[in-house]
Amino acid sequence: MDYKLNLGHSLDGMSLPWGNASNGHIALLGQSGRGKSYAIKHFLSQLPEQGVHAYIFDCSGDFRESSMQEILKSTRINILDVRQQARVNPFRSLQLTPYYTEEAGDTAARLTEAILDAYRFRGTAQPVHLRRAINLFMQAFPHSTSFANLISFIEADSERAAKMEPSLVRLEDLSRLFSGGNGCDWQFDKPGITILQFDTIPDRASQSLITELLLSDLWADKLQASKDTCPVVVLLDECQRFSFNDSSMLVRILREGRKYHVNGWFASQWIDNKTAVQALEQAALRGYFYPGDRQVHSLAKVLCSDTSKVREYETLIRRLTVGQFLYTDASGHLLIDCVPRL
Ligand SMILES: Nc1ncnc2c1ncn2[C@@H]1O[C@H](COP(=O)(O)OP(=O)(O)OP(=O)(O)O)[C@@H](O)[C@H]1O
Ligand SMILES: [Mg+2]
């Protein structure tokens, strides 16, 4: 594991440390207002002194500089306005493992998947047109770095443009919100906190696609960076809005991040989606805040393999107050953590 944490304390005041787990991934789940973001701020405050650089994908605006500065005191916080400053090239061929760098066709396929996943086009026609258009565009303009150029390419052929009208509408939104560029300096050489602000990207689908593009770029740069650069934590608050499909960066981070010192922290309200639940099961620390009345029984079943004890667990869950979460420690004991007041 790349870092250790003081999670808080138990109900009887014993300090609860976290370290030496199989991976550094964390999932915090629970109803709105129960203290997930608050707990994350407590955890984040412990990272820079351990040489870690944390990247906060702040789609909800819960991690504004003012609230973070109070907690982090002397740590320098970099703010990146995603719309203005995240100059990531969406058409970049990425190195995804030490042995595999994408060819143009692979990049086109990945990018098409990400666009389709975010915008959920109906029917089968748009996926086919889009993939073909991105492929042809990347062959014709291998050095292009923005969606605006892709739109011009599609529009240059009026027949193609007519068939791709639904895709074009989305690509136009995207090109307005995300201008692209030649790369982002992730600063892996220094510990610290970088907050990626999404305030000026209003719609969720675009937030989710841009997050995917940024994560891909960060991942590829981290793999290429020298071995002695800082371990990374990537925080995705309110991650119920993202897709956890097999080709997404979130799943790649959970599956392979440990090897490259990329740790994923995920916070979410109750998640039913099976793919997301399975993906998050890979997090070594899974903390459950009060999930909401309707989910008490489901959570008790998740935590307890012995069906005769489900009632007991339900009582335990109902007693959780704001700022408390249940988790299983490395020895398999179920504990209640009380996150301290910041
Ligand atoms: N450990 C704590 N000690 C004191 N107050 C807390 C604690 N945890 C949470 N709170 C209070 O509860 C409020 C809500 O917490 P927080 O924003 O972390 O909830 P959340 O679970 O992230 O909700 P959402 O899902 O809506 O983002 C905080 O603003 C704070 O006032
Ligand atoms: Mg929150």
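Of all residues in the range 253-269, those that are in the same structural domain as A284 (by TED's automatic domain parsing) and of a type in the set (F, W, Y) have Cβ atoms under 8 Å from Cβ atoms of residues that are surrounded by 20 or more Cβ atoms within 10 Å (Cβ to Cβ) and assigned to a helix (DSSP H, G or I), 6 or more apart or on another chain, in Y260/W219; Y260/K222; W265/I40; W265/F43; F266/C239; F266/L250; F266/L280.
Tallying residues that are of a type outside the set (A, V, I, L, M), surrounded by 16 or more Cβ atoms within 10 Å (Cβ to Cβ), in contact with a Leu (Cβ under 8 Å, 6 or more places away or on another chain) and outside any loop (DSSP other than H, G, I, E, B) within the range 134-174 yields 4. The single residue among L80, L96, L111 that is at pLDDT below 90 and closer than 24 Å to R252 by Cα turns out to be L96. Which residues, taken from the range 206-236, are touching a Phe, Trp or Tyr at 6+ places or on another chain (Cβ under 9 Å) and hydroxyl-bearing (S, T, Y)? Result: S206, S208, T211, S226, T229.
Considering (1) under 17 Å from I336 (Cα atoms); (2) away from ligand 2 (no atom under 14 Å from the Cβ); (3) part of a helix (DSSP H, G or I), the lone condition that Y38 does not fulfil carries the number (2).
The C-beta contact set for the range 51-66 (first residue hydroxyl-bearing (S, T, Y), second residue open to solvent by less than 10 Å² (accessible area, probe 1.4 Å) and within 13 Å of ligand 2 (Cβ to nearest atom), distance under 7 angstrom, 6+ apart or interchain) comprises Y55/L235; S60/D237.
For (1) surrounded by fewer than 18 Cβ atoms within 10 Å (Cβ to Cβ); (2) farther than 27 Å from S32 by Cα; (3) more than 16 Å from ligand 1 (Cβ to nearest atom), each residue gets a yes or a no:
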{"residue": "S179", "(1), (2), (3)": "yes, yes, yes"}
{"residue": "G183", "(1), (2), (3)": "yes, yes, yes"}
{"residue": "W186", "(1), (2), (3)": "no, yes, yes"}
{"residue": "Q207", "(1), (2), (3)": "no, no, no"}
{"residue": "S216", "(1), (2), (3)": "no, yes, yes"}
{"residue": "A225", "(1), (2), (3)": "yes, yes, yes"}
{"residue": "D228", "(1), (2), (3)": "yes, yes, yes"}
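If you scan the range 77-92, which residues turn out to be of a type in the set (S, T, N, Q) and more than 21 Å from R204 (Cβ to Cβ)?
N78, N89
L316 satisfies every condition listed in (1) part of a loop (DSSP other than H, G, I, E, B); (2) more than 16 Å from ligand 2 (Cβ to nearest atom); (3) open to solvent by 50 Å² or more (accessible area, probe 1.4 Å); (4) under 26 Å from L5 (Cα atoms) except (1).
V234 satisfies every condition listed in (1) within 16 Å of ligand 2 (Cβ to nearest atom); (2) touching a Gly at 6+ places or on another chain (Cβ under 6 Å); (3) not aromatic (F, W, Y) except (1).
Regarding the range 290-311, can at least one residue be identified that is within 18 Å of L5 (Cβ to Cβ) and surrounded by 14 or more Cβ atoms within 10 Å (Cβ to Cβ)? No: zero hits. Within the range 319-330, the set of residues being in a loop (DSSP other than H, G, I, E, B), surrounded by 14 or more Cβ atoms within 10 Å (Cβ to Cβ) and at pLDDT 95 or above comprises L320, G323. For the range 46-90, how many residues meet the condition of being surrounded by 20 or more Cβ atoms within 10 Å (Cβ to Cβ), away from ligand 2 (no atom under 15 Å from the Cβ) and either part of a loop (DSSP other than H, G, I, E, B) or hydroxyl-bearing (S, T, Y) (or both)? Qualifying residue count for the region: 6.
The values are calculated or read from the model by the stated rules, or taken from the named source; none is laboratory data. Remember, predicted model here, so these are calculated numbers, not experimental data. Counting neighbours? That spans all protein chains shown, and the Cβs are built from the backbone with ideal geometry, glycine included. To get the accessible areas, we keep the full protein, side chains included, count just its heavy atoms, and leave off ligands, DNA and RNA. Shrake-Rupley method; radii C 1.70, N 1.55, O 1.52, S 1.80 Å.
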